[in-house]
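Undergrad: Sending over a structure as structure tokens; questions will come in a sec.
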């Protein structure tokens, strides 16, 4: 049975194995520490139903917004991940998983395809070997999933497909106050990609790209540059500054950018690994794929309205 959100989620304190706390404090006088990814292990598939394990996962996602889980068993059908997200719904108040499109269920296979696409007549970006620039998932949805997970079925054996993540709280403090304010106004058209259209009569939403979480006061973002249309001059100016900042983060070795990102290579993210991420607190990107057999499986859940 699926459970609705419980705003009074159980408090649970845990120390993750092999984890260093992520300090995303980014005030003007804050001393930034390098970002690291907390790490848990799942010894058996049954851990997906054990409350202690489930609460550990929830605690790490709430505190850090990112988590790596290493599976100590083979699971090509992603049964652990499916049950874990259902358990997060049952025990921790997360909303249920969401369907990826009108023709797909909860899971989406992220792998190169040339002929057989998961949505009829439309090739998604995740079905190519091309790089993904910085983005959040489902920025075009009215109800944006708070979390997503990627399970590595087959890692890239030839050194491609590095997954990068950027902390949005730290990114926000690299932007001017005028850009921060503009990104928080509802002055952006967000086009829905054809492969994810669920209602043929609706091809765009209008909204803000940044917000402050009313509970945690964390900076949140929804962003995918190629589907954005600024509706005012101030919105256009803000996007221009944001674009420049993101481009600089890709090429510069400056500490202010290095301290905002983590990079997960195939060595960090091998087959049998799951990465879970808060889709509103972290941007993510990937470089080009070199291995045509690379295969990840994605699941998204906890969809609620993006704050205004």
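Undergrad: What's the ranking of 223-231, 256-264 by average number of surrounding C-beta atoms within 10 Å, highest first?
TA: Per-residue Cβ counts within 10 Å, averaged per peptide and sorted highest first, yield 256-264, 223-231.
Undergrad: If R0 is 22 Å, what FRET efficiency do you get for residue 49 and residue 304 from their C-beta distance, rounded to 0.05?
TA: It comes to 0.35.
Undergrad: Can you say what percent of the DSSP beta bridges in the stretch 39-305, counting only those with both residues inside, are antiparallel? Round to 5.
TA: That works out to approximately 90 percent antiparallel.
Undergrad: Between rounded, prolate and oblate, where does the stretch 239-308 land on the alpha carbon gyration tensor, with a ≥ b ≥ c its root eigenvalues, rounded for a/c under 1.5, else prolate if a/b exceeds b/c?
TA: oblate
Undergrad: Hey, another quick one. Please give the peptides 183-194, 78-89, 56-67 ranked by average Cβ packing (other Cβ atoms within 10 Å per residue), highest first, as a rough proxy for protection.
TA: Most protected by this proxy first, the peptides run 56-67, 78-89, 183-194.
Undergrad: Given the Cα-Cα distance of residue 226 and residue 154 and 0.36 nm per residue of separation, how much length would full extension add, in nm?
TA: 23.1 nm
Undergrad: Still on this structure: Express in % the proportion of alpha carbon pairs of the stretch 39-305 at distances exceeding 31 Å.
TA: That tail contains 24 percent of the Cα-Cα pairs.
Undergrad: Quick one: length gained pulling residue 41 to residue 234 fully straight, 0.36 nm per residue minus the C-alpha distance?
TA: Contour length minus the Cα-Cα distance gives 64.8 nm.
Every number here is computed from the coordinates shown, using simple stated rules; none is lab data. Bear in mind that the values here come from a model prediction, so they are computed numbers and not experimental data. No Cβ is skipped: glycine too gets one built from the backbone with ideal geometry, and neighbour counts run over all protein chains shown.
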